[in-house]
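Submitted below is the structure of interest, expressed as C-alpha cells.
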Amino acid sequence: MARRRSNIQKPAMSASLRAYLLIHLHTFFASLGRFSRTPFNFMMTVSVIAITLSLPSGLLVSINNLQSVSGQIDLNNNISVFLNQSVTLQRATELSALLQHDNKVSQAILIDKQAALEEFRQYSGFGSAISALGDNPLPHVIQITPIARIDNQANLALLVTELKKRPDIHLVQMDMGWLDRLNGILNIAQRGVSIITILLGFAVLLIVSNTIRLELQSRRDEIDITRLVGATRSFIMRPFLYSGFWYGFFGGIFACLLVNLSVWLIDEPTSSLASLYNSSFNLNYMPFAHAALWVGFSISLGVIGSWIVVSRYLSELES
C-alpha cells in the first residue's frame with residue numbers, strides 16, 4: 001500500500017497554475033457575459049459612474065489647460081521704467097545704454113514716446129482724440145529684462161528700488177502679482193479637485209456596492225447551493241469582484257470619453273477667442289497616461305466596493 005501511494009504522481013505545479021488561470025479567465029468573461037442578459041441595467045450603472053467620475057477628471061483637464069495658458073505667458077519679469085516728461089530722447093538713449101551695462105540687467109530697450117504715441121493712435125481707435133491733445137502725454141519708456149539669476153521676488157524688489165532712486169525715472173512698474181494670484185488660485189483649485197475626487201470616489205464606491213448587493217440578493221439561492229457543495233469563500237466572491245471590475249472599467253472609459261468630448265465641443269470657440277488676442281492657444285485633451293490612471297482608479301473603486309459588500313454578506317451568512 002505504501003508503495004502504491006509513493007507511485008501516485010502529484011499534479012505538476014505548471015498544470016495546477018494553468019488550471020487556476022483558466023478558472024479565473026472563465027469567471028472573468030462569464031461575469032461580462034452575464035451583463036449581456038441585462039444590458040439596460042448594466043449601462044445605467046456604468047453611465048452613473050461615468051458621469052460621476054467625469055466631473056473631477058474634467059476639472060483636472062481644465063486646470064491643466066489654465067496652467068498651460070499661464071506657462072505661455074512671458075515670465076521674464078520684465079520691468080517697465082517710465083522716465084520724466086522733461087527727459088529728452090538723447091538723455092533717454094544715454095540712460096538706456098547705461099542700464100544695458102548694469103550687471104543686473106540682461107537687456108534694456110528704449111521705447112520712444114513718439115513711436116509709442118503713433119502705435120497707440122493706430123491701435124486704440126482714439127486717433128482724433130489724441131490729435132486734439134496737442135502735446136504728447138506719453139513719456140519715454142525703457143523695457144528692462146533682468147538677468148536669469150535674479151528670479152525671486154526679493155532680488156527683483158531690490159532692483160526696482162535701485163531704479164527708483166535714479167533722478168530721471170518717474171515710475172518703475174513690475175506687475176507680476178496677478179500671475180502669482182492666478183497660480184495661487186490654480187493651487188487652491190487643485191486642492192478643491194482633490195477633495196471632490198475623494199467625495200465622488202466614495203459615491204462611486206457606494207454605487208457599485210449597492211449594485212452588487214442587489215445582484216447578491218438575486219443570486220442568493222445560487223450562493224446557498226454552492227456553499228452546500230463546499231465552495232470556498234474566494235470561489236463565491238470571484239464573479240462579483242470581476243463584476244465590480246467591469247463596472248469600474250467601463251465607467252472609467254466612458255468618463256474619459258465624456259471629458260474629451262466636452263473638450264472637443266468647446267475647442268473651436270476657444271480657438272476663435274484666442275485668435276482675437278493673436279494667440280495660437282488650443283485646448284489640450286486628456287493625456288493617455290492620465291486617462292489610464294483614471295481608468296485604473298475607477299477599476300479599483302469597483303473592485304473595492306464589490307469586495308466590501310460581498311465580504312459583509314458572506315460574514316452574515318457564516319455567523
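Quick check on this structure: which one of ILE236, ILE266 is surrounded by fewer than 18 Cβ atoms within 10 Å (Cβ to Cβ) and among the β-branched types (Val, Ile, Thr)? Full working, then the answer.
Values: ILE236 fails: surrounded by fewer than 18 Cβ atoms within 10 Å (Cβ to Cβ).
Being surrounded by fewer than 18 Cβ atoms within 10 Å (Cβ to Cβ) and among the β-branched types (Val, Ile, Thr) holds for just one of ILE236, ILE266, which is ILE266.
THR226 passes all but one of (1) in contact with a helix residue (DSSP H, G or I) (Cβ under 7 Å, 6 or more places away or on another chain); (2) surrounded by fewer than 17 Cβ atoms within 10 Å (Cβ to Cβ); (3) touching a residue at least 24 places away in the same chain (Cβ under 8 Å); which number fails?
Just one mismatch for THR226, condition (3).
Condition check ((1) under 40 Å from the mean Cα position of the chain (by Cα); (2) at pLDDT below 60; (3) part of a helix (DSSP H, G or I)) across all residues:
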residue: LEU110; (1), (2), (3): no, no, no
residue: GLU118; (1), (2), (3): no, no, yes
residue: ARG121; (1), (2), (3): no, no, yes
residue: ASP135; (1), (2), (3): no, no, no
residue: ILE142; (1), (2), (3): yes, no, no
residue: ALA148; (1), (2), (3): yes, no, no
residue: ALA157; (1), (2), (3): yes, no, yes
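Identify, please: which residue in region 178-206 is touching a Ser or Thr at 6+ places or on another chain (Cβ under 8 Å), more than 17 Å from PRO56 (Cα to Cα) and of a type in the set (A, V, I, L, M, F, W, C) and is, among those, modelled with the lowest pLDDT? Spell out the reasoning first.
Keep residues of region 178-206 that are touching a Ser or Thr at 6+ places or on another chain (Cβ under 8 Å), which gives 179, 182-183, 186, 200, 203-204.
After this cut, where a residue has to be more than 17 Å from PRO56 (Cα to Cα) as well, the list is 179, 182-183.
Now drop any that are not of a type in the set (A, V, I, L, M, F, W, C), which leaves 179, 182.
On the way: LEU179: 62, LEU182: 71.
So the residue we want is LEU179.
A further question on this structure: Of all residues being in contact with a Phe, Trp or Tyr (Cβ under 6 Å, 6 or more places away or on another chain) and β-branched (Val, Ile, Thr) in region 199-217, which is farthest from MET43 (Cα to Cα)? Just the residue, please.
Initial filter on region 199-217 (in contact with a Phe, Trp or Tyr (Cβ under 6 Å, 6 or more places away or on another chain)): 208, 212, 216.
This time we only want the ones that are β-branched (Val, Ile, Thr), so: 208, 212.
Working: VAL208: 13, ILE212: 14 Å.
That would be ILE212.
Can GLU215 be described as in contact (Cβ under 8 Å) with a residue 12 or more places away in the chain and within 24 Å of SER311 (Cβ to Cβ)?
Numbers: in contact (Cβ under 8 Å) with a residue 12 or more places away in the chain: yes; within 24 Å of SER311 (Cβ to Cβ): yes.
Criteria met by GLU215.
The values are calculated or read from the model by the stated rules, or taken from the named source; none is laboratory data. This one's a predicted model, so the numbers in the text were calculated from it and none came from an experiment. As a convention, Cβ positions derive from the backbone with ideal geometry for all residues, glycine included, and neighbour counts pool all protein chains shown.
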